[in-house]
1. How far is helix 153-177 tilted off the main Cα axis of the chain, in degrees rounded to 10, range 0 to 90?
2. Sequence neighbours fewer than 8 away in the same chain don't count; with that in mind, list the lysines whose C-alpha is under 24 Å from LYS198.
3. Using modelled backbone amide H atoms (1.01 Å from N, in-plane), which distant-in-sequence or interchain residues come within less than 5 Å of GLY236's amide H?
4. Please work out the C-alpha center-to-center distance from the stretch 1-69 to the stretch 222-241 and express it in whole Å.
5. In whole Hz, what ³J(HN,Hα) sequence does the stretch 17-31 give by Karplus (6.51, -1.76, 1.60; θ = phi - 60°), x for Gly and Pro?
6. What's the exposure ranking of TYR260, TYR168, going from fewest to most Cβ atoms within 10 Å?
7. For TYR29, TYR37, TYR249, TYR173, which order do you get if you count the other beta carbons within 10 Å of each Cβ and list the fewest first?
8. What lysines sit close enough to LYS119 to cross-link, taking a C-alpha to C-alpha distance under 20 Å and skipping anything fewer than 8 places away on the same chain?
Amino acid sequence: MNYTPYLFLLPAGIILTFTVFWPALQAFYLSFTQYEYDLTQPPTWVGLANLRRLLSDRLFWETLRNTLVYLVFVVPLLVVLPLGLAILVNQKLRGISAFRAAFYTPVVISMVVAGIAWKWLYADNGLFNQLLRGIGLVSEGEGIGWLTSPDLALFSVMTVTVWKGLGYYMMIYLAGLQSISPELYEAAELDGSDGIRKHWDITVPLMRPYLLLVAVISSIAATKVFEEVYVMTQGGPLNSSKTIVYYLYEKAFQELEIGYACSIGMVLFVIILSLSIVRLSVKS
């Protein structure tokens, strides 16, 4: 038996063991424990007590609902909009590379920087409210509470996620579009399929594997959203924008309830594992 391939995989395996697998096993163990006094003392085994508490935790179910709402609204936008953007920048026009770079720029910007910038835009005297006052939709001295209204805060954060992800998923689609032969579009035009219809007849069917891949990847990313919430709303107002990852962060690092936070992490692990299995089945 040839062990050479395994030797090449060994360094990466060791790194993954100490940075991913071992911490995951520790988190699984800690989900059945509880720290009684402080983190300097060994945890106490409590069995399924954390899980029972989780099932009756109203705030946990609220954050889970917010996360699912995030998925339902963000994922379709990140599947459809980048495809349209990729079709636009796939044209053979002068300077099109500059447009591709411009659309991709938000991807390389730190989410912290982007969150702070959008927080300014959403402010009472920010650009968005100033524009609304300028066109007369909002009276002078008033403004829309983009981040302070329980009905709007989560959707305002979603907008930042969509804006940040457009360029990334556009590049995935662009790679797929450039593998489609132009002769297929020429043949479609001869058959009377032109304009938007040719993309419905040719582009969408051939891009189906990419559509499914983007749907799964964006679903996993939306499930783990944290930075936007942390920078822009801190989960407020009234927990309306608090996601499951942010709730886990609060329990683990603010309230130091490590065992309970690990239980929340196990639920998140099951959700992401399910989405990852879908992704593997899509690739196969």
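Coordinate-derived values only; no laboratory data. Not measured: the values here are computed from a predicted model. All Cβ positions, even for glycine, are placed from backbone atoms using ideal geometry, and neighbour counts span all protein chains on display.
1. Relative to the chain, helix 153-177 is tipped by roughly 50 degrees.
2. LYS92
3. Result for GLY236 returns SER241.
4. Their Cα centres are 22 Å away from one another.
5. With the stated coefficients, the stretch 17-31 comes to 4, 7, 9, 10, 5, 5, x, 5, 5, 5, 5, 4, 5, 5, 5 Hz.
6. Ascending Cβ contact count within 10 Å gives the list TYR168, TYR260.
7. Listed from fewest to most nearby Cβ atoms, that is TYR37, TYR29, TYR249, TYR173.
8. Hits, sequence-local ones excluded: LYS164, LYS242.
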